[in-house]
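Trainee: One structure, as structure tokens, below. Some questions next.
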Amino acid sequence: MAKVLVLGEIRQGELRNVSFEAIAAAKQVANGGEVVGILLGANAASLANRMIHYGADRVLVSEHSDLHAYTPDGYTQAIMQVVEVEKPEGLILGHTSIGKDLSPRIAAKLKSGLISDAVSLDVTGDDVVFTRPIYSGKAFEKKLVTDGLIFATIRPNNIEPLEKEESRIGEVTMVDLEIKNLRTIIKEVVRKTTSGVDLSEAKIIVSGGRGVKSKDGFKVLQELADALGGAVGASRGACDADFCDYSMQIGQTGKVVTPDLYIACGISGAIQHIAGMSNSKVIVAINKDPEANIFSIADYGIVGDLFEVVPLLVEEFKSI
Ligand code: FAD
């Protein structure tokens, strides 16, 4: 039995889903022990009960004004202080832009190991084994933690959150943290207005490549994504051609996604693109070239012109 800390991630006043997935992973690691949530930021206290409903036993909250926006040194100081007091056996973060930035800093300060980007875990007795992709998703390795803190980041959309139980109760404690000598002060956060669903947590992604041909071409993909309640992604080819923003890029140098359904439209299937989406549960490829590499990893392939196929799909899904 272990005590495991979990960082809840707040984005635009809401807890990100990966926080609930991290709680589920922490529950496994705790193996009957205690899962303690950490929430940092403005109005964090109002979200604490949601962590409890998803399985946290108690939640520590700081609404310190220097933690309203993520800064590497602010969050590192906060987590280090919590770790010092709580002395956990485990620590789980989401493998998000925050988790990727924060986890190595904390691991270095704690002189601990770190298993990054885990997609699943198995607990047998005291053995905790994490599985993580290597070689751009072409293979998986298993890591057994033999000593010290069990510290991992988990890839969004891979570990099933626990069932939400609103009747669950737990202690919520406001903690007094000392944040000092910040090297970065966030004055203002200006968000790009992206419509709809967050790409890294989307269950359905409609993705476009150079075959989409223009910014306007992406409108039909957006229509399909809207009809399915999904998000729009892109290949680097499409981003380089200025059809869409780099925040939509999926692949080795873009976002790594694991949706339930990935629809690749006019994407050839370069190895660097596949690195970011090959673990999607179901892959559908639409390409007019029957030899396109994307078909080699697709569960379903449609050889055809995306400008004919996608509007038909939109019509079909809208009628359901
Ligand atoms: P293309 O390869 O040009 O393919 C376009 C496809 O559209 C073709 O298969 C064509 O048959 C099809 N098509 C054309 N018209 C239609 C139509 N009307 N209907 C249906 N199909 C049509 N790429 C990424 O995506 N993500 C990354 O993170 C990434 N990182 C990289 C990192 C490095 C270091 C390098 C060197 C490259 C990286 N790339 C990345 C680029 C990658 O190698 C490819 O160049 C890129 O993925 C190609 O994009 P694409 O498939 O959209 O374009």
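Laboratory data are not the source of any read-out in this text; all were calculated from the coordinates shown. Just so you know, these numbers come straight off a predicted model, no measurement behind them. Ideal geometry is used to build each Cβ from the backbone, glycine not excepted, and the neighbour counts take in all protein chains shown.
Trainee: Taking a cut-off of 12 Å between Cα atoms, list the aspartates and glutamates near LYS192, but don't count ones fewer than 8 places away on the same chain.
Mentor: Straight-distance partners of LYS192: ASP245.
Trainee: Using 7 Å Cα-to-Cβ label points, what is the GLN272/GLU316 separation (nm, one decimal)?
Mentor: Taking the two extended label points, one gets 3.3 nm.
Trainee: Dipole magnitude of the chain about its Cα centre, charges +1 at Lys/Arg Cβ and -1 at Asp/Glu Cβ only, in debye to the nearest 20?
Mentor: It comes to approximately 660 debye.
Trainee: Now for a separate question. Of the beta bridges DSSP finds with both residues in the range 1-126, what % are antiparallel, to the nearest 5?
Mentor: Here the antiparallel bridges make up roughly 10 percent for the range 1-126.
Trainee: Okay, moving on. Label points 7 Å out from Cα along the Cβ direction at SER247 and ARG58: separation in nm?
Mentor: 3.8
Trainee: For the range 81-197, what is the percent of antiparallel DSSP beta bridges, rounded to the nearest 5?
Mentor: Expressed as a percentage, antiparallel bridges in the range 81-197 total about 60.
Trainee: Distance check, please: which entries in LYS100/LYS164; LYS87/LYS111; LYS138/LYS219; LYS27/LYS87 exceed 23 angstrom between their Cα atoms?
Mentor: Check vs 23 Å cut-off fails for LYS100/LYS164; LYS138/LYS219.
Trainee: Another question, then. Taking amide hydrogens as modeled 1.01 Å from N in the peptide plane, which residues meet the under 5 Å criterion relative to GLY37, leaving out close sequence neighbours?
Mentor: Sorted by chain and number, the residues that satisfy this are VAL6, ASP57, ARG58, VAL59, LEU60.
Trainee: Okay, next question. With 30 Å as the limit, write out which pairs from LYS288/LYS318; LYS180/LYS203; LYS143/LYS203; LYS142/LYS203 have Cα-Cα distances beyond it, or answer none.
Mentor: Where the Cα-Cα span goes over 30 Å, the pairs concerned are LYS180/LYS203.
Trainee: Straight-line reach only, C-alpha to C-alpha below 14 angstrom: list the aspartates and glutamates that LYS187 could link to, leaving out same-chain residues fewer than 8 apart.
Mentor: ASP66
Trainee: Here's a follow-up. Can you give the calculated 222 nm mean residue ellipticity of the chain, where each DSSP H run of n ≥ 4 adds -39,500 (n - 2.57) and the sum is split over every residue, rounded to the nearest 500 deg cm²/dmol?
Mentor: -8000 deg cm²/dmol
Trainee: Shifting gears a bit: Would you tally the net charge around ASP147, using a Cβ to Cβ cut-off of less than 14 Å, leaving ASP147 out, and scoring K and R as +1, D and E as -1?
Mentor: -1
Trainee: Next question, about the same structure. To the nearest 20 debye, what charge dipole does the range 222-320 have about its Cα centre, counting +1 at the Cβ of each Lys and Arg and -1 at the Cβ of each Asp and Glu?
Mentor: 340
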